[in-house]
Amino acid sequence: MKSKFIVQQRKIIIDTDPGQDDAVAILLALASPEEIEVLGITAVAGNVPLNLTKKNARIVCELAKKTDIKVFAGCDTPMKRPLVTAEHVHGKTGLDGPTLPDPQMPLQKQHAVDFIIETVRNNEAGTITLCPLGPLTNIATAIEKAPDIKEKVQEIVLMGGAYFEVGNITPTAEFNIYVDPEAAEIVFQSNIKITVLPLDVTHKALVTKARNDAFRALNSPVGKAVAEMTDFFERFDKEKYGSDGAPLHDPCVIAYILSPDLFSGRHINVEVETQSELTLGMTVADWWKVSGRPPNAYFIGDLDADGFFSLLTERLTRL
Ligand code: BDR
Ligand code: CA
């Protein structure tokens, strides 16, 4: 069965800190070659340190049997701050849950930031979409090092921030933005077209028991691994928010590329707090348009959760 909302094929770079939900996002992209060409996966420090995220990205490619995907290691610390990690959510490895073998496929020698710059420069303007699923360190470093890429990137579709849901790592900040607020500020001020999948929407993409059973019922190594990852990852949100299951934050980015009609939002101004100790990393999202500041992002607020899960589950059958 094909998705109802097929869009034109897009070339993307996935910038990621796997992370169980990052893993599901990568699987969704790799399961969708008709619509998405994954030019490379760039690892960044975030949920766990870089030495694990660069390994986890390859574990996921091997799970999908896509060993030809190029994986690059990027920045191991935020631009101006020490790294904050989230083992309390994702476990010691970042991919706790299933037992998956160490990767055999090589890590590319080139630095992730240089790969991003080179890829954007070497492709026609307006044809490369960046999909950050972790702290924005690699993306902002690329922008700082090669400001000319700002003109050439088609779009940045990122998971990060919150307005109505406010924060998950602090009372006011979402993890990806909090870890590297200076990087986030560079991205939001870049004038690149930006679409944001904040907690406001990802907290509606919950893996209920029935949805997790559907992953397990795929009866494949991928279905089993996704079910076990979300089993592990759900305890944090269940305990904290009393929610029905794990929120699939990062897969929302790839689902948005595949089926934007599943999502709705507003073109608004988003600024990042980089100074205040109390609200560091807060996305000051002008949802009600009261600031007079010009819109710089399409900020998603809602999704068709059933449509999202049927797209995801159907795509995972392809791996
Ligand atoms: C984001 O932080 C990480 O823990 C997840 O992978 C996701 O990218 C959610 O706040
Ligand atoms: Ca992530």
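Of ALA183, ALA162, ALA217, whose Cα points farthest to the positive end of the dipole of the chain (charges on the beta-carbon: +1 Lys, Arg; -1 Asp, Glu; origin at the Cα centre)?
After comparing all options, I get ALA217.
Considering only LEU52, HIS88, VAL201, whose Cα is most displaced toward the positive end of the charge dipole of the chain, charges sitting on Cβ of Lys, Arg (+1) and Asp, Glu (-1)?
LEU52
Please compute the net charge surrounding MET79, taking Lys and Arg as +1 and Asp and Glu as -1 over other residues with Cβ under 13 Å from its Cβ.
-2
Which of the peptides 279-289, 21-31 is most tightly packed, and how do the rest follow, judged by the mean count of other Cβ atoms within 10 Å per residue?
21-31, 279-289
With a 10 Å radius around each residue's Cβ, average the other Cβ atoms per peptide and rank 38-47, 126-135, highest first.
Top of the packing list down: 38-47, 126-135.
On a 20 Å Cα-Cα criterion, which of the cross-link pairs LYS240/LYS289; LYS55/LYS109; LYS209/LYS238 come out too long?
In this structure, LYS240/LYS289 lie more than 20 Å apart at Cα.
Explain nothing, just the number: relative contact order of the chain, from Cα pairs under 8 Å at least 6 residues apart, as a whole percent.
20 percent
Taking +1 at the Cβ of each Lys and Arg and -1 at the Cβ of each Asp and Glu, which of GLY242, THR317, GLY307 sits farthest along the dipole of the chain towards its positive end, judged by Cα position relative to the Cα centre?
Farthest towards the positive end: THR317.
Which one of ALA246, ALA173, ALA210 has the biggest mean-square fluctuation once the chain is modelled by GNM with Cα springs under 10 Å?
With Cα springs under 10 Å in the chain, the top fluctuation among ALA246, ALA173, ALA210 is at ALA210.
At a 1.4 Å probe, what is the % contribution of carbon and sulfur to the accessible area of region 10-316?
The computed percentage sits at 50.
Using 1/(1 + (r/R0)^6) with R0 = 51 angstrom and r between the beta carbons of LYS11 and ASP244, what's the FRET efficiency to the nearest 0.05?
0.90
For the chain, what is the accessible area per residue in Å², given a 1.4 Å probe and the full set of protein chains?
40 Å²
Counting only C-alpha contacts under 8 Å and six or more residues apart, can you give the relative contact order of region 73-148 as a whole percent?
45 percent
What does the highest-first list of 313-319, 69-75, 12-18 look like by mean Cβ count within 10 Å?
Packing proxy ranking, top to bottom: 12-18, 69-75, 313-319.
Can you give the FRET efficiency for THR127 and ASP261, using 1/(1 + (r/R0)^6), R0 = 30 Å, r = Cβ-Cβ distance, to the nearest 0.05?
Plugging the Cβ-Cβ distance into 1/(1 + (r/R0)^6) gives 0.85.
Can you give the FRET efficiency for LYS109 and VAL290, using 1/(1 + (r/R0)^6), R0 = 51 Å, r = Cβ-Cβ distance, to the nearest 0.05?
0.55
Over region 169-319, what is the relative contact order in whole percent, taking alpha-carbon pairs under 8 Å and six or more residues apart?
Here the relative contact order equals 35 percent.
Nearest-5 percent of antiparallel DSSP beta bridges in the chain?
The answer is about 30 percent antiparallel.
The values are calculated or read from the model by the stated rules, or taken from the named source; none is laboratory data. Values in this document were obtained by computation on a predicted structure and should not be read as measured data. Every residue, glycine among them, receives a Cβ derived from its backbone with ideal geometry; neighbour counts consider all protein chains shown. Note: accessible area is taken over every heavy atom of the protein model, side chains too, but ligands, DNA and RNA are not part of it. Shrake-Rupley method; radii C 1.70, N 1.55, O 1.52, S 1.80 Å.
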